[in-house]
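Novice: Got a structure here, written out as structure tokens. Questions coming.
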Amino acid sequence: MNINKILDKLRRISGIPRHGTDDYKQWLEQKDFLQFLLDTSHGDIPLYVSYKGTYIYSVFLPQNCLRGNYIDDLMEWNCSPDSSWGYSYSYGKKEGAKNISLSAPFDFSGSKLLKNATPITFLRSFEGRIGQKSYIEVLQLLTHLNDLHFVEEKNAYCRLNKDGDIEEIIKIHHTPDNILVTIKQDVLDHHLFLSNSVLLRLFDRTLCNDWIRFSEKSRNKSNFSDKKNKIYARQGIAFDKEDLPTAGWLRGFQIIRNHQPRKKMIKILTDGRSNPQKYEKFIAYDWKHKKVALCSCDPQKLGNYFVESDKPFGTSPAFFKPDVLLKYKQNPEKYTLEQRSIRCRGSWSLKTYDINEAGQVHTYLIYLGHLPHSEQLHWKSYSEEPKAKISKRAFTTDFMGKWDLSYEPLSALKKALKELEQTKAALWSCANEKLYQQLNYPVTDSVKEWSDEIHTLDKLVVEGLKKPYLRNIATSLNCYDDKAGTIKLIKKILETKGIDSHEINEIIFPLEEIHSLRTKFAGHSSGDEADKIRKDLIAKHGDLGKHFRNLVEKADKSIKELKRIQL
């Protein structure tokens with residue numbers, strides 16, 4: 001039951017039937033609330049509820065406290081949502097204050113066993129806050145042990161799941177009228193297992209249609225006990241002067257234990273997952289047997305150089321359509337796409353991949369087996385037979401064990417920009433380090449992908465140029481034009497300094513081309529002018545990917561010249 005369904009359930013069981021009817025009498029018997037406790041013992045479990053007449057407050061209690069006559073003791077609980085640590089002192093006759101001591105949250109709770117309990121949520125208030133003064137804090141032992149972090153826009157304590165997606169674990173619904181805090185069952189189970197504790201949900205529910213008609217003289221009290229579901233309570237119904245049921249109350253506790261067996265919890269702790277890993281098959285070149293075959297990426301079904309077997313090597317390459325990378329390029333907040341590796345935030349990584357001469361992405365079976373199953377399915381959907389061998393770079397680094405020292409334009413450009421920033425930060429600097437990671441080669445024939453990379457290239461290279469620095473130099477040389485942008489200012493400065501026209505063109509032309517293409521293709525590829533430019537580039541370079549690589553190479557030379565020339 002998710003948080004919205006829980007709120008809807010609370011809304012329904014809190015609706016007041018007409019006084020004097022059978023529905024009203026059944027409402028006071030509170031069977032619907034007892035069912036609510038059962039229904040919310042799994043899934044998203046309410047830890048704290050303050051909703052009209054309903055109050056639920058949860059604590060962690062060591063399992064060893066549940067011995068002997070613990071039920072009667074816990075029935076005497078008296079806890080408020082702001083229970084926390086404090087201190088006290090007394091005065092002496094000579095020395096002033098003395099006997100200073102700290103007090104735990106439940107030292108005065110009415111129950112001896114609760115002195116061993118740990119609060120989970122804390123209702124706090126601060127007049128210095130703008131807007132709502134009260135807010136909910138969550139026990140740090142719980143959030144730290146389970147790697148939970150508060151995400152303000154979600155109003156929840158979250159973590160990253162195995163796919164790198166944000167998962168809301170402890171959700172907080174807090175309005176001036178009601179409060180609901182829930183926790184996911186698997187995280188609660190994990191914490192209860194680690195701390196050898198149980199979740200103790202204390203509840204108090206008072207229902208009444210009209211307190212003026214309520215008579216203290218006529219009550220019907222009873223005890224409620226559900227040993228199977230560990231719910232214990234005292235309840236009562238009060239009658240008015242006409243002997244009609246008018247008010248009802250229910251006060252007690254529920255014990256929720258770790259749902260999972262110890263063996264499974266140990267496996268989660270050691271393996272990081274509760275279910276066995278699944279493995280997919282991919283079209284790969286089984287170079288041990290010199291054939292293209294459908295091979296599993298299960299490590300148990302892959303061989304190596306040291307143990308003799310008929311299994312294909314883990315380094316057997318699998319081949320994919322280039323579109324397989326678009327998912328990672330389109331979500332730079334979640335994925336870091338390097339030229340040879342992919343990393344998903346807080347989750348998995350693909351150690352190596354490359355692109356061969358046919359434009360296919362390729363990696364090795366052993367590394368595909370390290371991916372979550374959902375990610376394997378993504379790669380499998382783009383699996384295809386090899387159209388060429390693996391790249392020369394991959395063969396050199398992965399099989400020959402040598403450094404690849406060949407010129408690579410994109411890596412060279414990024415290195416040149418970092419060196420320019422180190423030596424001439426006033427001329428050029430990068431405001432967003434993520435741009436280095438986001439800039440990659442286009443891998444498909446998609447015009448959008450190509451234009452997106454042009455956009456990133458312009459943001460990294462051209463937007464990094466600092467106009468105030470160029471304005472000062474141009475002013476000192478008496479060549480400043482207040483209508484000129486950074487590229488034109490650089491050109492004027494170089495011309496005034498008497499730099500050779502060939503060197504000026506080598507610096508200026510790539511920058512102008514990058515910025516011009518971004519302007520014409522910003523966010524779209526429509527229009528007659530844009531269509532003509534695209535066709536001309538394809539006619540000249542063969543495809544947009546080759547054009548981009550050529551443009552990056554020219555930009556690399558431009559940046560290196562800027563670094564060399566004294567501005």
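Novice: Picking from LEU66, ILE237, LEU250, whose Cα lies most toward the positive end of the charge dipole for the chain (charges on Cβ: Lys, Arg +1; Asp, Glu -1)?
Specialist: Sorting the options by dipole projection puts first LEU66.
Novice: What's the extension gain from VAL292 to ALA425 if we count 0.36 nm per residue and subtract their Cα-Cα distance?
Specialist: Details: separation 133, 0.36 × 133 = 47.88 nm, distance 5.20 nm.
Full-extension gain reported as 42.7 nm.
Novice: Three principal axis extents, largest first, for the C-alpha atoms of the stretch 154-306, in Å?
Specialist: Largest to smallest, the principal-axis extents are 95, 34, 26 Å.
Novice: Please give the FRET efficiency for THR475 paired with ILE565, using the beta carbon to beta carbon distance and R0 = 25 Å, rounded to the nearest 0.05.
Specialist: Numbers: r = 19 Å, r/R0 = 0.75.
Efficiency at R0 = 25 Å is approximately 0.85.
Novice: Ignoring ligands, DNA and RNA, what percent of the 1.4 Å accessible area of the chain is carbon and sulfur?
Specialist: On the way: 15010 of 30510 Å².
About 49 percent, which is the carbon plus sulfur part of the accessible surface.
Novice: Per 10 Å bin, what percent of the C-alpha pairs of the stretch 413-546 does each bin hold, from zero upward?
Specialist: Final binned percentages: 11, 36, 33, 18, 2.
Novice: Averaged across orientations, what area in nm² does the convex hull of the alpha carbons in the stretch 453-512 project?
Specialist: Details: hull surface 16.4 nm².
Computing the convex hull of the Cα atoms and averaging its projections yields 4.1 nm².
Novice: For HIS144 and GLN330, FRET efficiency with R0 = 30 Å and r from the beta-carbon atoms, rounded to 0.05? Write out the running numbers ahead of the final one.
Specialist: On the way: r = 33 Å, r/R0 = 1.11.
For GLN330 and HIS144, the calculated efficiency is 0.35.
Novice: Just to be sure I understand the model, the point goes 7 Å from the Cα along the line to the Cβ. What's the resulting HIS373 to GLN63 distance in nm?
Specialist: 2.9 nm
Novice: If you don't mind, there's one more thing I want to ask. When ranked by the protection proxy of mean other Cβ atoms within 10 Å per residue, highest first, what sequence do the peptides 430-441, 171-182 form? Mind showing how you got there, number by number?
Specialist: Values: 430-441: 15.7, 171-182: 17.7.
Result, highest mean first: 171-182, 430-441.
Novice: If r is the Cβ-Cβ distance from TRP85 to GLU127 and R0 is 22 Å, what FRET efficiency results, to the nearest 0.05? Present the calculation step by step, with values, prior to reporting the outcome.
Specialist: Numbers: r = 21 Å, r/R0 = 0.95.
That pair, TRP85 with GLU127, gives E of 0.60.
Novice: Show me the ranking of peptides 46-57, 23-34 by mean Cβ neighbours inside 10 Å, starting with the highest. Present the calculation step by step, with values, prior to reporting the outcome.
Specialist: Working: 46-57: 21.7, 23-34: 17.2.
Descending packing order for the listed peptides: 46-57, 23-34.
Novice: Quote the charge dipole size of the stretch 114-169 about the Cα centre in Debye, to the nearest 20; the model charges only the Cβ of Lys and Arg (+1) and of Asp and Glu (-1). Mind showing how you got there, number by number?
Specialist: On the way: 7 positive and 9 negative charges, 75 e Å.
Dipole of the stretch 114-169, to the nearest 20 debye: 360 debye.
Novice: Quote to one decimal, in nm, the extra length available between ARG345 and ILE71 on full extension: 0.36 nm per residue of separation minus the C-alpha distance between them. Could you put the intermediate results ahead of the total?
Specialist: Working: separation 274, 0.36 × 274 = 98.64 nm, distance 4.65 nm.
Here the answer is 94.0 nm.
Novice: Taking a ≥ b ≥ c as the square roots of the eigenvalues of the Cα gyration tensor of the stretch 122-177, is the shape rounded (a/c under 1.5), prolate (a/b larger than b/c) or oblate?
Specialist: Details: a/c = 2.80, a/b = 1.89, b/c = 1.48.
In terms of gyration-tensor shape, prolate.
Novice: How many percent of Cα pairs in the stretch 218-320 exceed 19 Å?
Specialist: Values: 3653 of 5253 pairs.
Of the Cα pairs, 70 percent sit more than 19 Å apart.
Novice: May I pose another question? Ignoring solvent entirely, what values of log10 I(q)/I(0) come out of the Debye formula for the stretch 325-365 at 0.28, 0.29, 0.30 Å⁻¹ when each Cα is a single scatterer?
Specialist: -1.03, -1.07, -1.11
Novice: How high is the relative contact order of the chain, given as a whole-number percent (alpha carbon pairs under 8 Å, six or more residues apart)?
Specialist: On the way: 917 pairs, mean separation 52.5, N = 567.
For the chain, the relative contact order is 9 percent.
Novice: Heavy-atom accessible area per residue, the chain, 1.4 Å probe: how many Å²? Show your work: numbers first, answer last.
Specialist: Details: 30510 Å² over 567 residues.
Each residue of the chain exposes 54 Å² on average to a 1.4 Å probe.
Novice: Here's something else I'd like to know. Order 7-15, 219-227, 103-111, 199-207 from most to least packed using the mean count of other Cβ atoms within 10 Å. If you can, show how the numbers build up before the last one.
Specialist: Working: 7-15: 14.9, 219-227: 11.2, 103-111: 17.0, 199-207: 21.7.
In decreasing order of mean packing, 7-15, 219-227, 103-111, 199-207 become 199-207, 103-111, 7-15, 219-227.
The values are calculated or read from the model by the stated rules, or taken from the named source; none is laboratory data. Predicted model, so just to flag it, every value in this text is computed and none were measured. Every residue, glycine among them, receives a Cβ derived from its backbone with ideal geometry; neighbour counts consider all protein chains shown. Protein only, heavy atoms only, side chains kept; ligands, DNA and RNA dropped before computing areas. Shrake-Rupley method; radii C 1.70, N 1.55, O 1.52, S 1.80 Å.
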